[in-house]
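Read-outs: derived from the displayed coordinates by stated rules, not from any lab. Nothing here was measured: the structure is a model prediction, and the numbers come from that model. For neighbour counting, all protein chains shown are included, and Cβ atoms are generated from backbone atoms with ideal geometry for every residue, glycine included.
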Amino acid sequence: MRITKVKTLQLKKIPRVIWVVLETDEGISGLGETVAKPGVARAVIHEVCSSFLLGKNPLDIEWLWISMFRAFSSHGATGAEMRAISAIDIALWDILGKYTGQPIYRLLGGACRDKVKVYNTGLAMLAREKYSKKIYEQPGEPAKKLLKLGIDVVKIAPFDRYSVKPFLGHYISPEDLKKGLEVVKRLREAIGDRMQIAIDMYSQFDVPAAIEIARALEPYDILWIEDPAMPDNASAFAEVKAATKIRIAASERLHTRYAFRRICENQAADIIIADPCWAGGISETKKIASMAEVYELPFAPHNAGGPVLHIVNSLLCINIPNLWMMESMRHNYQNFGEFVTPLPEIKNGYITPLEGPGLGAELKPELWDREDAMVDTTVEGEVRDPEAAVYKQAGFGTRQPQQ
């Protein structure tokens, strides 16, 4: 089996998402996805990655991954490069699942549970409510709606508004600290101990400010604080962790097992969070979770992307033994049926993965013909970027594994 075509699809209606489809000479295709800054990821996919994929056996997932990674790592393999690899890796696993007739979680080693607990990021129930000021003023109302759906863990970001000008996260005033705490206080008063609360700080604060906020949050029984500082500095994360009794989580901002190794070795987090669409796809996310397991740490995937990421996370979570819980965003996933079918069901606060081969789902065919569709295709024999020949001359991706 050979990869014969690399296709990408973007829709203006969901502009942060780009889908990748790998087609083969045996009629099996694979679907992948990445999120954020899709234009540069699309360029990497077609101009560079396609030269490593076209004509190759899609079942050689590890070899294709390491070939692309080694080619990129000489000048930095994170950012757009890793988002491209992540999307491609997901598509390769989809092909493998279809080829074997098995859902991806079976190929990863099977199920460790029957269903996966989800938490909700944000309090918005609908897409139009995402940035509603009312949610901060009356957080109890949407929280009670989530409780009725069986979701009893919510993550909010009440301090991110106070990390912008003039202090850029290097100082939080007593007044702003009080305003952020007031949101947490209102939420806790509205739902009592029926719902657990997590706080996302989006790496917007430095260590002294993060410690000040964390200590101020301690009376509110916070389940975890995510990204209180920049996770690239593992010792800074460890300093925040040592200064508070609240669990610290890290980090959707890190790519590949090599970055997460520093967090684990420095005992800088209590929960490991990675995004399969950013950190290296299914292959790398499984390795990151396994490394966290060695350090006796739970794993929770980041899930703020499109429908394919949502499906991928459910398949990973059913398999990973050291799972914490799965992130979900109701104001996102309630609209995913417009793009992909079928979708895994979330019921009573739990998600059940699809049982079809591979991802178990496909893009709706009509998406390719929509007026807002941006489609790009690279086929065998087409060279987008002459620099890709340099990678070939260096030996990356030229040797075929023994068949």
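A few notes on this one:
- Relative contact order for the chain: 22 percent, from Cα pairs under 8 Å spaced at least 6 residues apart, divided by residue count.
- Choice from 91, 268, 127 with maximal GNM fluctuation in the chain (Cα, 10 Å cutoff): 127
- CD proxy at 222 nm, helix term only [per DSSP H run n ≥ 4: -39500 (n - 2.57); per residue of the chain; nearest 500]: -11000 deg cm²/dmol
- Eligible lysines near residue 7 by straight Cα distance, threshold 19 Å, same-chain separation 8 or greater: 37, 56, 98, 364
- The angle separating the long axis of helix 174-191 from the principal Cα axis of greatest extent in the chain is about 90 degrees.
- Calculated SAXS-style log₁₀ I(q)/I(0) at q = 0.11, 0.19, 0.27 Å⁻¹ - region 38-100, Debye, Cα scatterers: -0.22, -0.66, -1.21
- Summed side-chain charge close to residue 331 - residues other than residue 331 whose Cβ falls under 10 Å, Lys, Arg +1, Asp, Glu -1: +2
- Restraint check, 148/178; 12/165; 155/185; 12/117, Cα-Cα greater than 20 Å: 148/178; 12/165; 12/117
- Among 122, 192, 39: highest mean-square fluctuation, GNM of the chain, C-alpha pairs under 10 Å: 192
- Gaussian network model of the chain, Cα within-10 Å springs - most flexible of 67, 50, 251: 67
- Between 0 and 90°, nearest 10: helix 307-319 axis offset from the chain longest Cα axis: 80
- Whether region 47-180 is rounded, prolate or oblate, judged on the alpha carbon gyration tensor where a/c under 1.5 counts as rounded: oblate
- Degrees between helix 234-243 axis and first principal axis of the chain (Cα, 0 to 90, nearest 10): 30
- Judged by the mean number of other Cβ atoms found within 10 Å, the most tightly packed of the peptides 17-24, 82-89, 308-315, 162-169 leads the ranking 82-89, 308-315, 17-24, 162-169.
- Global geometry of region 105-352, whether rounded, prolate or oblate, following the gyration tensor of its Cα atoms and the 1.5 cut on a/c: oblate
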